[in-house]
1. Can you find even one residue in the stretch 353-367 that is of a type in the set (Ser, Thr, Tyr) and under 23 Å from Arg92 (Cβ atoms)?
2. May I ask you to list the residues in the stretch 310-325 that are touching a residue at least 12 places away in the same chain (Cβ under 8 Å) and either assigned to a helix (DSSP H, G or I) or over 16 Å from Thr374 (Cα atoms) (or both)?
3. What about Leu237, is it surrounded by 18 or more Cβ atoms within 10 Å (Cβ to Cβ), closer than 18 Å to Ala298 by Cβ and touching a residue at least 24 places away in the same chain (Cβ under 8 Å)?
4. Out of (1) on the phi < 0 side of the Ramachandran plot; (2) charged (D, E, K, R); (3) modelled with pLDDT of 95 or more, what's the single condition that is false for Arg65?
5. Provide a single number: the residues in the stretch 254-265 that are at pLDDT 95 or above and surrounded by 15 or more Cβ atoms within 10 Å (Cβ to Cβ).
6. Name the single residue, out of those in the stretch 266-296 being touching a Gly at 6+ places or on another chain (Cβ under 7 Å) and either of a type in the set (S, T, N, Q) or modelled with pLDDT under 95 (or both), that is surrounded by the fewest Cβ atoms within 10 Å (Cβ to Cβ).
7. Would you say Arg109 is within 21 Å of Glu353 (Cα to Cα) and surrounded by fewer than 20 Cβ atoms within 10 Å (Cβ to Cβ)?
8. One residue is enough: does the stretch 303-315 have a residue meeting the conditions of a type in the set (A, V, I, L, M), touching a helix residue (DSSP H, G or I) at 6+ places or on another chain (Cβ under 9 Å) and within 18 Å of Leu50 (Cβ to Cβ)?
Amino acid sequence: MAESVPELTGLGVLTWLYPPGLVDRVVAACGRSEQRRRLLPARLTVYFMLGLALFSPASYLEVLRHLVEGLRGAGLWGDWRLPAKSSLFRARDRLGPEPLRVLFAATARPLAGQGVPGAFWRGLRLLAVDGTCWDAADTPANEQEFGRPGNTRPGNKAAFPQVRMAALVEVGTHAVLDAEVAGCRTGEVTLAARLVRSCGPGQLVLADREFLGVPLWQAFTATGCHLLWRVPANRVLPVQQHLPDGSWLSAIHAQTDGKKNHPVRVRVIAYRLQGVPGADPDGYRLVTDLLDAGRYPARELAGLYRERWEIESVLGEIKTHQRGAGVVLASRTPDGVRQQIWAHLLVHHALRELMTRTAAARGIDPDRISFTDTLRAARRSVTTTPGVFSP
């Protein structure tokens, strides 16, 4: 495809994991390739969206200036002129959110090798699932599409429309492997059910108590993955068989199984945390499909569950450090909001892959590398010498 813009080979981390050839293939697969030469072709618009996420909450033109600086440093800018802000709006509308979603699906993958600390337990890759919400610009279109938390009473609604997201994360590397987004009226369980497409044998998925239900449990276990989920306080789990390590076998039932004819067998692990600030004084209960107490000791599983909180750190990295604390997604249209979310996930995955590779090269735990330092280094990689970046 002929274009009037320079090749984007000098944009540091943006083209390191998402090279121009891959972006072009995704754009073409989504039917967004140009029929005529444009000042802002689809490829550049993809990188512009990644730049918005990388430099958030910088303005449109400031981000474009960062990209221009990187290209000029590589001698690739030539006499191409800077577009007006209105041209950027139109280019985003033409692109839509689908190419960024597809690019994420094509590149998001587990990053941890067997030697990465905290990434595996007894041969099982540790994953976690959880949900969060993003505030979107207060426009009629966004409110109609995504909804706004609160009831119908005046003054009792949230300040902004909200987008709900469920994510599947690799615990050891903080890499987001899959995500689903919808309006705030869609529940986390509904979105989490769509993430089973990224699960399979050799994985252990951790989740908090709001996810425990037979349909979702069976959807995950049908992929061959294993589960370790917390139990709601009011859930009754009768003892069917005591096990030597203090855990016991029990069963859970779907809400529609009133006669309890279709039990799902689980193993229950109950424990308390002594001397831990903020710990639940009533203790904790976990359920798992790992029924062999000899092979999978209850004490280790109880200690392992705290790794679920790593996903909270991941969401904090994306929404607080990368996006900016309290920053609202500025797009005034639902498609623009979705573009921004997928761009943030793409940038975060690139940063986490950089951190994982750096940690492997240095022989250290990825947790020892600062996310904020890596973010700053990635920003420098776009505006300084092409291809040179190190956290």
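1. no
2. Glu310, Ile311, Glu312, Ser313, Val314, Leu315, Glu317, Ile318, Lys319, His321, Gln322
3. no
4. (3)
5. Number satisfying all stated conditions: 1.
6. Within the stretch 266-296, the match that is surrounded by the fewest Cβ atoms within 10 Å (Cβ to Cβ) is Arg272.
7. Considered against the rule, which asks whether it is within 21 Å of Glu353 (Cα to Cα) and surrounded by fewer than 20 Cβ atoms within 10 Å (Cβ to Cβ), Arg109 comes out as yes.
8. For the stretch 303-315, residues of a type in the set (A, V, I, L, M), touching a helix residue (DSSP H, G or I) at 6+ places or on another chain (Cβ under 9 Å) and within 18 Å of Leu50 (Cβ to Cβ): absent.
The values are calculated or read from the model by the stated rules, or taken from the named source; none is laboratory data. Keep in mind that what you see is a predicted model, and the values were worked out from it rather than measured. No Cβ is skipped: glycine too gets one built from the backbone with ideal geometry, and neighbour counts run over all protein chains shown.
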